[in-house]
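A quick write-up on the structure given underneath.
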Amino acid sequence: MEFGLVLTIGKYVFVALIYLFLIVTLRLLIIHISGRAGARAHQPTPQPETPRTAADSPPPQQAAAPAEKRPEIPQPKATDQPHTARLIVVSTSATNLSPGLSFPLGKPISIGRKSHNDLSLQDRYVSATHALIVRQDNIFILRDYHSTNGTVHNGVRIQDDVTLSDGDEITIGGTTFRYQALST
């Protein structure tokens, strides 16, 4: 009889542990989901700004440096080469960019999450090396580097190189840029 009693108590304890596990798991899931929704709901709506250049804005905040020290790659500057176009940040979830920031285009610009890119986006949905914008004569071409989440041009995920036109929108991860051709 004693063994049967221990077995019965063990069954009830086991069932209680399963219920406790489910309650804790559901609670954490609800906190995680409501925390994300709440964070999005409280973000201010971006206000249109006068476009700034990378030189006009404060330096982007860097993530904690890894144990291995890498040389810092400067952001493109207006003095690097003559430029006839620029990318303007329309909206972003990247921690190191803000709407209105602009980047002059003149030389090839690599875009990705890692610091070796000319334009580094601190966004987990951006591949290490995600896309490239190159200049051929007076046109700029957007190329995706077989990124995991793709590069979107005017609402369409690109498969091949795309020639950019004034006003085009480019979305990489959670950041949308507007391509602006400048008169020469």
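For the stretch 151-173, give me each residue that is touching a Phe, Trp or Tyr at 6+ places or on another chain (Cβ under 8 Å) and not polar (S, T, N, Q). Let's see the steps before the verdict.
Filtering the stretch 151-173 for residues touching a Phe, Trp or Tyr at 6+ places or on another chain (Cβ under 8 Å) gives 163-171, 173.
Scanning the stretch 151-173 gives LEU164, ASP166, GLY167, ASP168, GLU169, ILE170, GLY173.
Consider the stretch 128-146. How many of its residues are outside any strand (DSSP E or B) and in contact (Cβ under 8 Å) with a residue 24 or more places away in the chain? Steps first, please.
Initially, the stretch 128-146 is screened for residues outside any strand (DSSP E or B), giving 128-130, 137-138, 145-146.
Going one step further and asking which of them are in contact (Cβ under 8 Å) with a residue 24 or more places away in the chain, we end up with 130, 138, 145.
Number satisfying all stated conditions: 3.
Could you say which residue among ILE139, ILE133 is more than 13 Å from the chain's Cα centre (by Cα), among the aliphatic types (A, V, I, L, M) and open to solvent by less than 60 Å² (accessible area, probe 1.4 Å)?
Working: ILE139 fails: open to solvent by less than 60 Å² (accessible area, probe 1.4 Å).
Of the residues listed, the single one that is more than 13 Å from the chain's Cα centre (by Cα), among the aliphatic types (A, V, I, L, M) and open to solvent by less than 60 Å² (accessible area, probe 1.4 Å) is ILE133.
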Identity of the residue in the stretch 76-93, surrounded by 21 or more Cβ atoms within 10 Å (Cβ to Cβ) and part of a loop (DSSP other than H, G, I, E, B), that ends up modelled with the highest pLDDT: THR92
Please go through the stretch 149-166 and pick out each residue that is open to solvent by 40 Å² or more (accessible area, probe 1.4 Å) and assigned to a loop (DSSP other than H, G, I, E, B). ASN149, ASN154, GLY155, GLN159, ASP160, ASP161, SER165, ASP166
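The values are calculated or read from the model by the stated rules, or taken from the named source; none is laboratory data. Model, not experiment: these values are computed from the prediction. Ideal geometry is used to build each Cβ from the backbone, glycine not excepted, and the neighbour counts take in all protein chains shown. These accessible areas exclude ligands, DNA and RNA; they are computed on the full protein's heavy atoms, side chains included. Shrake-Rupley method; radii C 1.70, N 1.55, O 1.52, S 1.80 Å.
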